Amino acid sequence: QGAHTLAASIHQMSSLLQRKSTAYLSTTSSSSSVLSNPTNFMKDSERSMLENTVASFAAATANQIESLRRAAQLLMEDGVAASDDSSTFMTDLTGHRAGI
């Protein structure tokens, strides 16, 4: 579940960045075509908000990835230990026994 939520969040951030990229990049350009079309221009406050959003997202995502990595590692270690005992079942990432 956590991995699916994380993947959806990454997809949403990717979509946001694709939508905002032209306006974001245009703030560093001084070409007349950009200046003549104000819809392609991002204000400094909007640019700053986007940068802060991306930075916060990256930090939170890194923490979530690390948490998932640790959980997967623990499950793998438990699965290896459990595979030595034929009366137990290896668990998947959701914590359910395989096959149930």
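The phi torsions of segment 9-17, fed into the Karplus equation with coefficients 6.51, -1.76 and 1.60 and a -60° offset, translate into couplings of 5, 5, 4, 5, 5, 4, 4, 4, 5 Hz, rounded to whole numbers, with Gly and Pro shown as x. One chain, two ends: Arg70 and Lys20. Fully extended at 0.36 nm per residue, the span grows by 14.6 nm beyond their Cα-Cα distance. Each other residue within a Cβ distance under 13 Å of Arg70 adds +1 if Lys or Arg and -1 if Asp or Glu, for a net charge of -2. Summarising the label geometry, the points placed 7 Å from Cα in the beta-carbon direction at Ile10 and Asp44 lie 3.5 nm from one another.
Values quoted throughout were computed directly from the atomic coordinates according to the rules given, and no laboratory measurement underlies them. These numbers come from a predicted model, not from an experiment. Glycine gets a Cβ as well: all are built from the backbone with ideal geometry, and neighbour counts include every protein chain shown.
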